[in-house]
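Quick notes on the structure that follows.
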Amino acid sequence: MTDVRRRDDPVTDRDGTTTAAEACLDAAVTHLRTLQHHEGWWKGELETNVTMDAEDLLLRQFLGIRTAEETDEAAKWVRSNQREDGTWATFFGGPGDLSTTTEAYVALRLAGDGPDEPHMRRAAAFVRQQGGLEHARVFTRLWLALFGQWPWDALPALPPEVVLLPSWVPLNVYDFACWARQTIVALTVVATHRPIRPLGFDLDELRSDPGTTPVAPGHARPFWTSSAWEKLDRVLHAYGRVGRNPLRSLSLALAERWILARQEADGSWGGIQPPWVYSILALHLQGYPLDHPAVKAGLDGLDRFVVRDERGRRLEACQSPVWDTALAAVALGDAGVASGDPALERAARWLVDEEVRVAGDWAVRRPRTPPGGWAFEFENDNYPDVDDTAEVVLALRRAVPGGGGALAADVEAACRRAVAWTEAMQCRDGGFGAFDVDNDREVCRKLPFCDFGEVIDEASADVTAHVVEMLAAEPTASSTVLERAVAWLSAQQEDDGSWFGRWGANYVYGTGAAVPALVAAGVDPGDQRVRRAVQWLGDHQNEDGGFGEDLRSYRDAAFRGRGTSTPSQTAWALLALVAAEERGEVAERAVAWLVANQRPDGSWDEPYFTGTGFPGDFYINYHLYRLVFPVMALGRWLRRAS
């Protein structure tokens, strides 16, 4: 931590009046207010790893629109993230990653960095030590195939005929999570065309054996000894070599229409990078010129996701204004800002106007459910999500007082629609996924091209917890839906007392969501579910009083609840402790850590990534998390203290 405000005075005095903690909260609230846009929303940067920037340069190289200025700025950012050993990681402080290092290396070659320069030699040596390009993930090798650096025949088959499968047939596109289905449909078009464009250099220095022609997994051994999935892949490859036929032509046309139908108003697809860039590539390969309205809107939209500062040019994988605004409004309410405050009313009006009132892909499995709810981004009407919707309802209830007035009436109507839509999105097991219902077909994970990122959207403890917390406060909510969700959430508690965090790191996040939700739903703080969670938190508090969890906990149990203390994770733990009515040393030390590590401007420093895109593969540093969650936690702790 740098530029940190240190305080040695106690958090509270003997009669319970607040001292340092109250001053800390006041400074944080003041800073949070300054970050609100005049239209009412908040948005912090979503920082990810350098593959976003490498793939952006590769996209522009493929389309012939890469400029020297963009390349130089992006290369500056990529270089700044290289570590001493020559590698790049998927998150701050993480281990070197083969695919990330490969893509960063190619981006720097595009920028003119020579393979004999010391930093490039270190990177190439790491890639070779890890098995070379042959062991990079499928998506990395697909980018290389676009430039003739990897044979298309050595990639898993991606037939566009998948769009012909009805929604009740296994492995249809709706069996995949929304982020995966948008990516897959676009990639089937790209892989069918098998394009190759000039890169300007070869990458032999990244191959473990430059003289060997790569083959697809399983294709090197006899057909009869291959696994079922390898057999299927070989059959699909053989079918693809037959050439165009009426079925393939129909599939490409349907995929093209499917892609066009899901482009958002801001030019994106789902408001996230992977389907966005692949959809642009797909349309371009289908013959759409760069000045076609759909392609132009897509490219212009990407430019609005660019962040430029002294560190260089970088691309956000996504933007989170609805989520950030909801969290900020909840935080201000927890900090004691009264409903009806101008800042909260501006936020409420903006959120109400962002409500999704049209049916999206979720309606495939809920065709008779009226639309309602909110998405994560500025524009993403096709994919509202349960998590954002729950948090927005909580925010609106804090922001606007009941009674008369147009805004209050609009809030009431929006919340009622949101509750009804959310209840309809409950999975058969009682839990809630983020975007779809019962999106849990495990076989999707076994396909040869699914070697990176989660591809299904099964129910998760953190999303279900947020829904429970919201429904528990809503008078129109179904008691049956709530009871089933509480039962599901209770059953998901780990043997050690924690909960898994799907969308945040990790067990600290899951536990920080589950305990407040259960208590809000009527579970007594003395209940064994709560006490076991409190015990787990106490056992995992750092010596400095804070809480942290390294993202490697998704794959290595040794990191569960263990890591450098961070503001957001300390706040998540404190939220659980406050809900559990813990006023002892564990909670007080967490408060003291937040107080001691606050910066002079009222914010906190947090280089660590605490947000999760794909467990084990892709992570996010939400720049607003380091502020909104400490405000929530301190506000609730001080309210409990008084």
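The values are calculated or read from the model by the stated rules, or taken from the named source; none is laboratory data. Computed from a prediction, not measured in an experiment: that's the story for all the values here. Note: ideal-geometry Cβ built from the backbone for every residue, glycine included; neighbour counts use all protein chains shown.
Quick one: which of Val519, Val515 is surrounded by fewer than 23 Cβ atoms within 10 Å (Cβ to Cβ) and β-branched (Val, Ile, Thr)?
Matching residue, one of Val519, Val515: Val519.
Yes or no: segment 531-539 includes at least one residue that is under 23 Å from Leu327 (Cβ atoms), under 26 Å from the mean Cα position of the chain (by Cα) and not hydroxyl-bearing (Ser, Thr, Tyr).
There is at least one residue in segment 531-539 that is under 23 Å from Leu327 (Cβ atoms), under 26 Å from the mean Cα position of the chain (by Cα) and not hydroxyl-bearing (Ser, Thr, Tyr).
Just to be sure, is Gln569 closer than 22 Å to Ala514 by Cβ and either buried (at least 24 other Cβ atoms within 10 Å of the Cβ) or outside the structural domain of Phe91 (by TED's automatic domain parsing) (or both)?
Criteria met by Gln569.
Please give the number of the condition Asn542 fails out of (1) in a loop (DSSP other than H, G, I, E, B); (2) among the polar types (S, T, N, Q); (3) crowded, with 24+ Cβ neighbours inside 10 Å.
Result: Asn542 passes all but (3).
What are the pairs, 6+ residues apart or on separate chains, where a residue within segment 147-158 that is farther than 24 Å from Arg109 by Cβ has its Cβ under 8 Å from a residue that is of a type in the set (S, T, N, Q) and buried (at least 20 other Cβ atoms within 10 Å of the Cβ)?
From residues that are farther than 24 Å from Arg109 by Cβ, the pairs are Leu158/Thr188; Leu158/Thr192.
Would you check which residues across segment 474-531 are among the basic types (Lys, Arg) and assigned to a helix (DSSP H, G or I) and list them?
Arg484, Arg529, Arg531
Does Lys43 satisfy the condition of being of a type in the set (Lys, Arg) and in a loop (DSSP other than H, G, I, E, B)?
Answer is yes for this residue.
Can you find a residue in segment 259-279 that is surrounded by fewer than 18 Cβ atoms within 10 Å (Cβ to Cβ) and in a helix (DSSP H, G or I)?
yes
Residue by residue through segment 72-116, note down the ones that are surrounded by 20 or more Cβ atoms within 10 Å (Cβ to Cβ) and of a type in the set (S, T, N, Q).
Listed by number, the residues that qualify are Gln82, Thr87, Thr90, Ser99, Thr100, Thr101, Thr102.
What's the number of the condition Arg311 fails, among (1) closer than 28 Å to Val631 by Cβ; (2) touching a residue at least 60 places away in the same chain (Cβ under 8 Å); (3) surrounded by 15 or more Cβ atoms within 10 Å (Cβ to Cβ)?
(3)
So which pairs qualify, if the first residue must be in segment 581-605 and of a type in the set (S, T, N, Q), the second must be part of a helix (DSSP H, G or I) and buried (at least 19 other Cβ atoms within 10 Å of the Cβ), the Cβ gap must be under 6 Å, and the two must be at least 6 apart or on different chains?
As it stands, the answer is Gln598/Cys24; Ser603/Leu627, since those pairs meet every condition given.
Kindly indicate which of Val330, Val356, Val337, Val352 is surrounded by 20 or more Cβ atoms within 10 Å (Cβ to Cβ) and in contact with a strand residue (DSSP E or B) (Cβ under 9 Å, 6 or more places away or on another chain).
Val356
What residue, of Glu84, Glu73, is of a type in the set (Asp, Glu) and either assigned to a loop (DSSP other than H, G, I, E, B) or in the same structural domain as Val330 (by TED's automatic domain parsing) (or both)?
From the options Glu84, Glu73, the qualifying one is Glu84.
When the residues of segment 237-247 are narrowed to those that are out of contact with any helix residue (DSSP H, G or I) (no Cβ under 7 Å at 6 or more places or on another chain), surrounded by fewer than 16 Cβ atoms within 10 Å (Cβ to Cβ) and part of a helix (DSSP H, G or I), which ends up modelled with the lowest pLDDT?
Selected residue: Tyr239.
Residues in segment 146-165: is at least one crowded, with 21+ Cβ neighbours inside 10 Å and charged (D, E, K, R)?
No.
Being of a type in the set (A, V, I, L, M, F, W, C), outside any loop (DSSP other than H, G, I, E, B), in the same structural domain as Glu73 (by TED's automatic domain parsing) and modelled with pLDDT of 95 or more: is that true of Val189 here?
Judged against the criteria, Val189 is a match.
Considering only segment 137-184, how many residues are part of a loop (DSSP other than H, G, I, E, B), within 22 Å of the chain's Cα centre (by Cα) and closer than 23 Å to Leu98 by Cα?
Total meeting the criteria: 1.
Looking at segment 124-133, can you tell me whether even one residue there is over 29 Å from the mean Cα position of the chain (by Cα), on the phi < 0 side of the Ramachandran plot and surrounded by 18 or more Cβ atoms within 10 Å (Cβ to Cβ)?
yes
Any residue at all in segment 429-448 that is under 20 Å from Ala487 (Cα atoms), in the same structural domain as His466 (by TED's automatic domain parsing), outside any loop (DSSP other than H, G, I, E, B) and β-branched (Val, Ile, Thr)?
No, the conditions are met nowhere in segment 429-448.
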